[in-house]
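Nothing in this text is a laboratory measurement; each read-out follows from the coordinates by a stated rule. The structure displayed is predicted, hence computed values, not measured ones. Every residue, glycine among them, receives a Cβ derived from its backbone with ideal geometry; neighbour counts consider all protein chains shown.
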Amino acid sequence: MWWYFFGRKDAFPGADGSTITQVTGADPNAEIISIYDSDGATISGGSITGLRLENVTTSGVLSGNTSQIYTIKNPMTFIYSTKVPKDWYTDDETYQNDVLWGNGEKKSSYDPCPVGWRVPNNSSTTYGDFSMETMPASGSNYTVYAGRTYANMSWFPAAGGLFLNSFSLSFVGDYGCYWSASAGSTVSAKRLYFSYSTLNPSATSYRMNGYVVRCIQK
């Protein structure tokens, strides 16, 4: 699986393993595949090995109140924020961008999906008519069910999420989180979320968290 931050085009490496083998107790975490520099050395970001981290307020990250230019030049850098709006794009709600993945009519140049496909506009309507009945868990064991199936046709792995407040890939094999292209509020965006006992096709999350993108045909 690959991870995306809301509105960013470039993907980040996922778990070093599967959603089944990475479960470890009540708070399942997974090791992230490391990122390497041009010399083959593992990148380190502070106390974190294998990731390059920058606070959105670090000098040089913001240009004209957004990090858009910086992220284009540094596609494999994780940008985080410790304050609201907790957005990689800006540290000021005034400058947040709700349409980086498109405006609902046309996909943008930042949409990571291939031609003819796009990030779904609103997870509550374009991912499907999800319910606990149409999207059952794949097993009865809470720690190893590893995903859900939609109408016995599509498999949605419980891939967890990449949380930049803890700089960790967490809840792998436990929760499923899939971005939509729709803003939820000034500080959030909409996503499909499920666990073994819960399913919410229009949940919201801070935009600096990393989740899976599942493309749909336009």
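How large is log10 I(q)/I(0) at q = 0.23, 0.26 Å⁻¹ when the Debye formula is applied to the Cα atoms of segment 136-218, each weighted equally and without solvent?
-1.14, -1.31
Give the Debye-formula value of log10 I(q)/I(0) at each listed q (0.15 Å⁻¹), with one equal scatterer per alpha carbon of segment 72-218, two decimals each.
Debye output, listed in q order: -0.79.
Treating only the Cβ of Lys, Arg, Asp and Glu as charged (+1, +1, -1, -1), what charge dipole size does segment 78-218 show about its Cα centre? Round to the nearest 20 debye.
240 debye
What spacing in nm lies between the two simple spin-label points modelled at residue 37 and residue 132, each 7 Å away from Cα in the Cβ direction?
If labels sit at residue 37 and residue 132, their model points lie 5.2 nm apart.
Arrange the peptides 172-180, 5-13 so that the one whose residues have, on average, the most other Cβ atoms within 10 Å appears first.
172-180, 5-13
Return the subset of 9/106; 73/106; 83/107; 83/218; 106/190 for which the Cα-Cα distance in this structure is over 27 Å, preserving the input order. Don't skip to the end; give the middle numbers.
Numbers: 9/106 15 Å; 73/106 25 Å; 83/107 29 Å; 83/218 35 Å; 106/190 18 Å.
Beyond 27 Å between Cα atoms: 83/107; 83/218.
Of the peptides 196-207, 56-67, how do they stack up when ordered by the mean number of other Cβ atoms within 10 Å, highest first?
Details: 196-207: 18.0, 56-67: 15.2.
Per-residue mean Cβ counts within 10 Å order the peptides as 196-207, 56-67.
Over the Cα atoms of segment 68-122, Rg to Rh with Kirkwood Rh, two decimal places? Could the numbers behind the result be given before it?
Working: Rg = 12.8 Å, Rh = 12.8 Å.
Over the Cα atoms of segment 68-122, Rg/Rh equals 1.00.
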